[in-house]
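Below: the structure, in structure tokens.
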Amino acid sequence: MEPALKIPDKGSPKPELKRRPDGSDPADDPAAPQIKMFAKSLRAWFGPAEALRGITLPIRKNCVTAIIGPSGCGKSTFVRCLNRMHEVVPLARVEGEVYLDAENIYGPSINPIAVRKRIGMVFQKANPFPTMSIRQNVLAGLSLQGLRCRAPEELVENALRKAALWDEVKDILDRSGVSLSGGQQQRLCIARALALEPEVLLMDEPCSALDPIATAKIEDLIHELRESYTVVIVTHNMQQAARVADFTAFFYLGELIEYGKTETIFKTPQDPRTEAYITGRFG
Amino acid sequence: MDSNTPKKQGGSLGESQSNRGASWAEKTFLAICYAALGLPLLLLVVLIVDVVIDGWPRLNWAFLTNYPSRKPEMAGILPALVGSAYLMLLTAAIAIPLGVGAAIYLEEYTRPSRITSLIELNISNLAGVPSIIYGLLGLELFVRAMQWGRSVVAGAATLALLLLPAVIMTAREALRTVPHSLREACYALGADRWQTIWRVVLPMSLPGILTGVILSLARAIGETAPLVMIGALTYVAFLPNSLKSPFTALPIQIFNWVSRPQAGFHTNAAAGIIVLLALMLALNGAAIWLRVRLQRRMDW
């Protein structure tokens, strides 16, 4: 497939990326990290309601990209489009392209299940499987697909270590996954996603149901995960975006208003709506 | 089901009554609620006590293990008991796979459309159809068209049809209690729909499905009309030994005894009713026990 990655979209009529003051698109910056995923003119509907109105956005490799914006702006829909979870909802529909490396995951020959194995996801509310133990939860990605693992103990320990949960649960691996605290459950879900060795990790408001201490732990974790994974995090906590993200995209009413380095977005936003949002005047 | 809902109501009513300063209107309403709760219970107690007084002396081991007889004091319910058990097993074997399968299809595979809402409407209507109609259907379809004769399997198939709407509805209810977030978790882990249903949705909804099925069976064990319709025998001096063998069932035996003139048979009927009630209670109890046991394993 042709490298569709340098497209500051001419084809789509709707939103252009805001240029930086020097006129360059952040995507053109040669020093910027490699692009892992690229959404091109992505549009999504719930029945007749258009939730995304043509989003073109790069996701950079081994970086944390934060999606911010007021409720209902389409940020969750956007990440759900990145691993083809949007279409799971009845009457939901997607148009446009999303590239993972050089491959369009909405291409005709693509199996969404294969996509989801490469792109892990963590949800707003921790959702460990109640019928499974902690160990089984970590291995769930394999066992659901009926796969056997050669060294399950190693895999469990590795995944739990990466999710910074191992020390807290190593002696209670056979307890039910739902017996843990909310923050631990969320990290268990992260471990469950990491056990499948995904390339990209999508996090849909992973801390919105957690207290500040649990939130801090997850944020530290996101920092570490960046070393080996590409992370996309949806949040409506702007401090969180500022703390964890390398790049930030601001969504409003289903459109991408502004995208750039987190520092630039927060210090010198170009669009008045971005400025209004990050200074807390709406949303 | 009926046995535990009134208790719950009673509990919450008691609490709010202890709440001081309830208005006059609320007190009146509470009184009406108590009456609505008490009257049916009273009626039920009177009925049960009456039956137990009549039938208790007749209840002994011989009554359970004897074949029917012309002499009331010699008569027993063994063929009816075995026939009912046989019938229940077969009914469950037919109704559970069909009902749960239909529920899974409706709940997990269809997308809302005109046809599915038509199907749903029909299922809830079928749940209200009088059981004698099912008996007519069974007679025509299983006894005559399929040429199964007046056999256990024809009876079980008829009862299974009768139970299907209830089984489908309770199974759907149980499937719906599995949070959507867990299905999403499965899909996000790269599981397909089949794997999601088998490894997460079904295990989690099992308690609900099982209790629904058992409660439906408890209802079926007392069904008389459809069995009379397809021609269950009223005097059986042998045990059913194959799918095609003729049979009788507890309610039919009771019905038969009640319609005899001799008082001895009426006592037998009362004793038979006690056995039937005990069976239903046991089934209901099993349902509650299963639900509690299975749900303790996963409190979410």
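The values are calculated or read from the model by the stated rules, or taken from the named source; none is laboratory data. Because the structure is predicted, anything quoted here is derived from the model rather than measured. We place every Cβ from the backbone using ideal geometry, glycine too, and count neighbours over all the protein chains shown.
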Quiz item: Which of (1) free of Cβ contacts under 8 Å to residues at least 60 places away in the same chain; (2) within 11 Å of another protein chain (Cβ to nearest Cβ) does A:Ile119 not meet, given it meets every other one?
Solution: (1)
Exercise. Please state which of the following conditions A:Ala164 fails to meet, knowing it meets all the rest: (1) at pLDDT below 90; (2) buried (at least 17 other Cβ atoms within 10 Å of the Cβ); (3) at the interface with another protein chain (Cβ under 10 Å from one of its Cβ atoms).
Key: (3)
Quiz item: Residue check, B:Leu162 against (1) touching a residue at least 60 places away in the same chain (Cβ under 8 Å); (2) part of a loop (DSSP other than H, G, I, E, B); (3) in contact with a Pro (Cβ under 8 Å, 6 or more places away or on another chain), all met but one. Which one?
Solution: (2)
Practice problem: Could you identify the single residue in A:Ile190, A:Ile213 that is buried (at least 19 other Cβ atoms within 10 Å of the Cβ) and either β-branched (Val, Ile, Thr) or without any contact (Cβ under 8 Å) to a residue 60 or more places away in the chain (or both)? | Solution: A:Ile190
Practice problem: Please state which of the following conditions A:Ala44 fails to meet, knowing it meets all the rest: (1) under 24 Å from A:Leu221 (Cβ atoms); (2) more than 14 Å from chain B (Cβ to nearest Cβ); (3) in contact with a helix residue (DSSP H, G or I) (Cβ under 6 Å, 6 or more places away or on another chain). | Solution: (1)
Quiz item: Restricting the search to the stretch B:133-152, which residues are modelled with pLDDT under 90 and closer than 11 Å to B:Val228 by Cα?
Solution: B:Arg150
Practice problem: Scan the stretch B:182-204 and report the pairs whose first residue is more than 7 Å from chain A (Cβ to nearest Cβ) and whose second residue is among the polar types (S, T, N, Q) and in a helix (DSSP H, G or I), with Cβ atoms within less than 7 Å and a gap of 6+ or a chain change. | Solution: B:Arg183/B:Thr196
Quiz item: Within the group A:Gln145, A:Gln136, which residue is in contact with a Ser or Thr (Cβ under 9 Å, 6 or more places away or on another chain) and within 14 Å of another protein chain (Cβ to nearest Cβ)?
Solution: A:Gln136
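Conditions tested, residue by residue: (1) under 30 Å from B:Met169 (Cα atoms); (2) of a type in the set (Phe, Trp, Tyr); (3) in a helix (DSSP H, G or I); (4) assigned by TED's automatic domain parsing to the domain that holds B:Arg260.
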residue: B:Gly55; (1), (2), (3), (4): no, no, yes, no
residue: B:Tyr67; (1), (2), (3), (4): no, yes, no, yes
residue: B:Ala85; (1), (2), (3), (4): yes, no, yes, yes
residue: B:Leu89; (1), (2), (3), (4): yes, no, yes, yes
residue: B:Ile94; (1), (2), (3), (4): yes, no, yes, yes
residue: B:Gly99; (1), (2), (3), (4): yes, no, yes, yes
residue: B:Ala102; (1), (2), (3), (4): yes, no, yes, yes
Self-check item: Within the stretch A:83-127, considering residues that are at positive phi and either out of contact with any strand residue (DSSP E or B) (no Cβ under 6 Å at 6 or more places or on another chain) or at pLDDT below 90 (or both), the one surrounded by the most Cβ atoms within 10 Å (Cβ to Cβ)
Solution: A:Arg84
Exercise. Look through the stretch A:59-82, keep the residues that are among the hydrophobic types (A, V, I, L, M, F, W, C) and either free of Cβ contacts under 8 Å to residues at least 40 places away in the same chain or away from chain B (no Cβ under 14 Å) (or both), and return whichever of them is surrounded by the most Cβ atoms within 10 Å (Cβ to Cβ).
Key: A:Ile67
Quiz item: Take the residues of the stretch B:107-141 that are outside any helix (DSSP H, G or I) and away from chain A (no Cβ under 14 Å): which is surrounded by the most Cβ atoms within 10 Å (Cβ to Cβ)?
Solution: B:Val129
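For every residue, the table says whether it meets (1) farther than 24 Å from A:Met85 by Cα; (2) in contact with a Cys (Cβ under 6 Å, 6 or more places away or on another chain); (3) surrounded by fewer than 19 Cβ atoms within 10 Å (Cβ to Cβ); (4) modelled with pLDDT of 50 or more.
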residue	(1), (2), (3), (4)
A:Ile7	yes, no, yes, no
A:Lys10	yes, no, yes, no
A:Leu17	yes, no, no, no
A:Ala27	yes, no, no, yes
A:Ala31	yes, no, yes, yes
A:Phe38	no, no, no, yes
A:Ala44	no, yes, no, yes
A:Ala51	no, no, no, yes
A:Thr56	no, no, no, yes
Exercise. Mind listing just one residue for me: the one in the stretch A:162-213 that is of a type in the set (Asp, Glu) and part of a loop (DSSP other than H, G, I, E, B) and, of those, farthest from A:Gln124 (Cα to Cα)?
Key: A:Asp171
Exercise. Report whether or not B:Ala160 is more than 14 Å from chain A (Cβ to nearest Cβ), over 29 Å from B:Trp289 (Cβ atoms), out of contact with any Lys or Arg (no Cβ under 8 Å at 6 or more places or on another chain) and modelled with pLDDT of 90 or more.
Key: no
Quiz prompt | Selection from the stretch B:239-264 of residues that are crowded, with 20+ Cβ neighbours inside 10 Å and of a type in the set (A, V, I, L, M, F, W, C) | solution = B:Phe247, B:Ala249, B:Leu250, B:Ile252, B:Ile254, B:Trp257
